[in-house]
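To keep things clear, I will list the structure first and then write my remarks on it.
The values are calculated or read from the model by the stated rules, or taken from the named source; none is laboratory data. Every value quoted in this text rests on a predicted model; they were computed, and no experiment measured them. In this analysis, Cβ positions are derived from the backbone assuming ideal geometry, glycine residues included, and neighbour counts consider all displayed protein chains.
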Amino acid sequence: MGAAGHDHDHAHDHDHAHHHKDTFITKYIFSIDHKMIAKQYLITGIIMGIVGVVMSLLFRMQIAWPEESFGIFKFLLGEKMAPGGVMRNDIYLALVTIHGTIMVFFVLTAGLSGTFSNLLIPLQIGARDMASGFLNMISYWLFFTSSVVMICSLFVESGPASAGWTIYPPLSALPQAIPGSGTGMTLWLVSMAIFIASSLMGSLNYVVTVINLRTKGMSMTRLPLTVWAFFITAVIGIVSFPVLLSAALMLIMDRSFGTSFFLSDIFISGEVLHYQGGSPVLFEHLFWFLGHPEVYIVLLPALGITSEIIATNSRKPIFGYRAMIASILAIAFLSTIVWGHHMFISGMNPFLGSVFTFTTLLIAIPSAVKAFNYITTLWKGNLQLNPAMLFSIGLVSTFISGGLTGIILGDSTLDINVHDTYFVVAHFHLVMGISALYGFFAGVYHWFPRMFGRMMNKNLGYIHFWVTAVCAYGVFYPMHFIGMAGLPRRYYTNSNFPLFDDLADVNVLITTFALVGAAFQLVFMWNFFYSIFYGKKSVQNPWKSNTLEWTAPVEHIHGNWPGELPTVHRWPYDYSKPGHDDDFVPQTTPMKEGEEELHHA
Amino acid sequence: MTSLLVIIVLVLLSIAIWQMTKIFDLTQVGNKKEDSQIATDNDNNVQGYLMFGFLAFLYIFMIYGMFKWGHLVLGTPASEHGPDYDNLMYISFAIIFFVQAITQVLLHYFAFKYRGAKDKKALYYADNDKLEFIWTIIPVIVLAGLILYGLYTWTNIMFVDEDEDVMVVELYAKQFSWEARYSGKDNVLGKANVRLIEGVNTMGVDVNDPNAQDDISVTELHIPKGKKILFKLRSQDILHSAYMPHFRAQMNCVPGMVTEFAFRPTMTTDEMRQQPEIVEKVSNINKIRAKKTAQLVAEGKTALDPYTFDYLLLCNKICGASHYNMQMKIVVDTPQDFQAWLKDKKTIVNAVKEDLASKKAEEKPVVAPVQAKVLDSTVVATAEDKLEEKK
């Protein structure tokens, strides 16, 4: 990668006196520095996030005001997808599908985990960079490529993939079933295959780095909970993503090479297809073997970020450090044996349903431990209510609200009647969508000074949080009711069912909250991009935090620390420890004579 | 053109805001106001109170929602297992409300109560095994109870005893409609396969199978009250899901596979229509429809029909562009009415025979049969596959 850059025109632009000579290309584009790669992930994630959120607004408008003509539809979707400004019914499904895909994978997996794992793992464990900077660079560029392919799939003649983000065959396999299953689906699968490769490279890198490159004194039980979360997330990714890759490959075989892994006995558009002996249920198993751990791949980094931010801003040690690690491990383990709860009524043996109910409800235990530990950390703290802290508290709130309804959906019996209704939509958006998004925002507000050497405007941050918090509940709380009224998700309009006429008002309210909430994300965008260039210059350790990343100079340099790597003498949560003048004791501070470790790490 | 204008306006607006922020920043120069962008005591105070305010909002919103939207939730179930289902739901919700009420109060109240100040110091409190134990063991006990009760109900609903007296009915899904097949006097469904679909035999029933002789297909599902119905579900093309919300029943229809779900309806359609909550719901919906009708008529469009309650079978698995309109009416009759309704329905075998006879009568004078075969690719495919199957 270096060779390409050195003889480039821009070489003279950035001729700093570092030991490593940077050109524009090697510094900003094909960078192997984890801090720059983190920023690349962040910006790409934000751009994909805009696309995903705008899509959700479009289909929410369609649900609230079915089959009405909107200028914005005509403008964004064009005359073909929205003839006369009225959204076509298959395009509605396409928007739902791509919204889900983009938000789950591109924003909350790559955008969140990619950004903060890259930024924080080396800085918080005291390493000069990732174990393999080159692999890290490839990982980002594969992610970028997959994003581009996914965006391109929106513009193909037959429309983008529209079989739902779960792409269950046969719908996703047969262009006769829905136009989006033509070229759009092919590009979707290609994009995801590249994405998985990117994710695996990233994950391997994170795991190797955490295991091998911890600085002197940084034992596993002195790692910040962020790093624990990123580490375990990467392990889950390595275990489960390959299974999705295999499912995607088998689906490609079924689609293009006539195999019958997932298809059997199909009569469609007047003809019998040759497929024989496959089963869509097999695909569901393979998909959810990733799909469910994916929820934790999205959520765990957000919880890790929250743990760190809540402790720092409470000026208190995180309560139950060991219990927090244990619960991360328990969640990681359980997450790989609960996938069947998405399939209670898929036609699999009901006995399996019993098993998955059991394992699923067990996950509530480590989750409850985490929630209680967060609350106890706040107790008798000295809370510094920075925007990052507000988002972290918001995360705990939505994590509880959304998690609790999981007790209903995880119970095979109760799932019968709320499966695939808006109740499910409400549940997973609160518990993983909004919670992970809050974790993302919290992380951005908290580590922005670390990334860009400047501060984000706190007042804009406050406005952003409060409007978002109200709108998030405004959107998803009423959804529980329409779900329990029996309203299925993924309906283009409900007007064909007079039975649901009395739900129309609620849908208008939900859409209104969504529009307002999304509009206020512009405040964040403004704050973010403005602060990169014009924000107030940051001091080295603005939040008075203990972790190692704040001991590195504000100016980014290769290798993170100018001299020797810092040595670690204590765990990261010695906040307000008796016997110290300051209310924080950085990990690099040696233990005083006779000082005791007051925790059981 | 308008969109271009909109973009230009937006861009100009952003530039204006940007400039204003810069001017605002410049006016702050020399002002001693603290601007480190780190929360000050004042910020903590304001945000702490807002946290408390948010708690109030959350509670008011939740209680408001329950009053305003509570009646939308499905009411009295119309199946035997329905009350068990609802009971489990109530218990789960009781637990959820209890935990939600307590944790949200603690979280937001602590955020308010312990809002920071310069002269305060936090308590160094790293862990407490006893507390950890308590909030591990309490969920364990509560969840163990829920799991056991849930599994007990699940087993009761999902497993049908072999010697139980059931009526076998097939639900058949395809893009974008439903059909049902009654197994007739022998209570056994005849064999069927999509390769046998031809003309009026839309479900691909094997007309030569002895068990198929008395099978009847319909497009409006009638079931008798009090009889346990064992539904066998099939799909012709892609995944669908048979969702019957009022019966607390749902099962996917999977191509290449037969799935099952059984329940005993306990209320006829007429009885359900007289339920006070349904009466209220219907009158409410009709008010909404009347309003809409007035609007439509004013625009010169056709008026909406008034709504009467009916049980419905909905598709609840994304199945294509018209997924949102894949439904079938379900009528629960008294056993007598059901028998009367079923009596004059034609069997599939007879329908196929009649169809063949009428086709022959039509075709004879006009075209040669060979030509017709070539024109209709479906017929060719099916005929070939039939041959293959015989081999």
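Data table
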item: Odd one out for B:Leu151 among (1) within 30 Å of A:Glu308 (Cβ to Cβ); (2) of a type outside the set (Ser, Thr, Tyr); (3) at the interface with chain A (Cβ under 8 Å from one of its Cβ atoms); (4) outside any loop (DSSP other than H, G, I, E, B); result: (1)
item: Those residues of segment A:270-323 which are in a helix (DSSP H, G or I) and charged (D, E, K, R), in sequence order; result: A:Glu284, A:Glu294, A:Glu308, A:Arg322
item: Options A:Pro562, A:Pro566; residue that is in a loop (DSSP other than H, G, I, E, B) and crowded, with 18+ Cβ neighbours inside 10 Å; result: A:Pro566
item: In segment B:123-148, the residues that are without any contact (Cβ under 8 Å) to a residue 40 or more places away in the chain, part of a helix (DSSP H, G or I) and crowded, with 17+ Cβ neighbours inside 10 Å; result: B:Glu132, B:Trp135, B:Thr136, B:Pro139, B:Leu143, B:Ile147
item: Every residue from segment B:240-268 that is among the hydroxyl-bearing types (Ser, Thr, Tyr), surrounded by 21 or more Cβ atoms within 10 Å (Cβ to Cβ) and more than 9 Å from every other protein chain (Cβ to nearest Cβ); result: B:Thr268
item: Pick from segment A:357-377, criterion closer than 23 Å to A:Leu437 by Cβ, in contact with a Leu (Cβ under 7 Å, 6 or more places away or on another chain) and within 7 Å of chain B (Cβ to nearest Cβ), ranking: surrounded by the most Cβ atoms within 10 Å (Cβ to Cβ); result: A:Ile375
item: Some residue of segment A:533-556 being among the polar types (S, T, N, Q), touching a residue at least 24 places away in the same chain (Cβ under 8 Å) and in contact with a strand residue (DSSP E or B) (Cβ under 6 Å, 6 or more places away or on another chain); result: yes
item: Those residues of segment B:229-276 which are among the hydroxyl-bearing types (Ser, Thr, Tyr) and touching a Gly at 6+ places or on another chain (Cβ under 9 Å), in sequence order; result: B:Ser235, B:Tyr243, B:Thr259, B:Thr266
item: Search result, residues across segment A:395-411 that are farther than 20 Å from A:Ile309 by Cα, within 8 Å of chain B (Cβ to nearest Cβ) and part of a helix (DSSP H, G or I); result: A:Ser401, A:Leu404, A:Ile407, A:Ile408
item: When residues of segment B:125-164 are limited to those that are modelled with pLDDT under 90 and touching a strand residue (DSSP E or B) at 6+ places or on another chain (Cβ under 8 Å), the one farthest from A:Ile318 (Cα to Cα); result: B:Glu164
item: Qualifying residue in segment A:42-57 (condition: more than 26 Å from A:Leu120 (Cβ to Cβ), crowded, with 21+ Cβ neighbours inside 10 Å and aliphatic (A, V, I, L, M)); result: yes
item: Sole residue being surrounded by fewer than 19 Cβ atoms within 10 Å (Cβ to Cβ), of a type in the set (Gly, Ala, Ser) and within 11 Å of chain B (Cβ to nearest Cβ), chosen from A:Ser531, A:Ser538, A:Ser495; result: A:Ser495
item: Pick from segment B:155-194, criterion in contact with a helix residue (DSSP H, G or I) (Cβ under 6 Å, 6 or more places away or on another chain) and buried (at least 20 other Cβ atoms within 10 Å of the Cβ), ranking: farthest from B:Ile318 (Cα to Cα); result: B:Gly190
item: Qualifying residue in segment A:320-339 (condition: facing another protein chain (nearest Cβ under 10 Å), under 30 Å from B:Phe231 (Cα atoms), out of contact with any strand residue (DSSP E or B) (no Cβ under 8 Å at 6 or more places or on another chain) and not polar (S, T, N, Q)); result: no
item: Output for segment B:75-122, where each listed residue is assigned to a helix (DSSP H, G or I), small (Gly, Ala, Ser) and at the interface with another protein chain (Cβ under 7 Å from one of its Cβ atoms); result: B:Ser92, B:Ala111
item: Segment B:199-229 - residue that is within 14 Å of another protein chain (Cβ to nearest Cβ) and not charged (D, E, K, R) and, of those, surrounded by the most Cβ atoms within 10 Å (Cβ to Cβ); result: B:Val205
item: Where a residue in segment B:50-66 is in contact (Cβ under 8 Å) with a residue 12 or more places away in the chain and more than 9 Å from chain A (Cβ to nearest Cβ) and its partner, wherever it lies, is buried (at least 19 other Cβ atoms within 10 Å of the Cβ) and of a type in the set (Gly, Ala, Ser), with Cβ under 9 Å and at least six apart; result: B:Phe52/B:Ala111; B:Leu55/B:Ala111
item: Residue match in segment A:324-335 (condition: closer than 30 Å to A:Phe262 by Cβ, modelled with pLDDT under 95 and in a loop (DSSP other than H, G, I, E, B)); result: no
item: Residues of segment B:318-350 that turn out to be in a strand (DSSP E or B) and surrounded by fewer than 21 Cβ atoms within 10 Å (Cβ to Cβ), as a count; result: 5
item: Members of segment A:231-269 found to be assigned to a loop (DSSP other than H, G, I, E, B) and acidic (Asp, Glu), listed by number; result: A:Asp265
item: Filter pass, A:Ser392 being within 11 Å of chain B (Cβ to nearest Cβ), assigned to a helix (DSSP H, G or I), crowded, with 24+ Cβ neighbours inside 10 Å and not hydrophobic (A, V, I, L, M, F, W, C); result: yes
item: Single match in A:Thr44, A:Thr23 (criterion: modelled with pLDDT under 95 and farther than 28 Å from B:Leu296 by Cβ); result: A:Thr23
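Residue-wise test of (1) within 24 Å of A:Met48 (Cβ to Cβ); (2) surrounded by 24 or more Cβ atoms within 10 Å (Cβ to Cβ).
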{"residue": "A:Leu171", "(1), (2)": "no, yes"}
{"residue": "A:Met185", "(1), (2)": "yes, yes"}
{"residue": "A:Ala193", "(1), (2)": "yes, no"}
{"residue": "A:Ile196", "(1), (2)": "yes, no"}
{"residue": "A:Ile211", "(1), (2)": "no, no"}
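Here is a yes/no grid of residues against (1) more than 23 Å from A:Thr209 (Cβ to Cβ); (2) not β-branched (Val, Ile, Thr):
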| residue | (1), (2) |
| --- | --- |
| A:Thr221 | no, no |
| A:Ala229 | no, yes |
| A:Val243 | yes, no |
| A:Leu249 | yes, yes |
| A:Ile252 | yes, no |
| A:Ser260 | yes, yes |
| A:Phe267 | yes, yes |
| A:Gly270 | yes, yes |
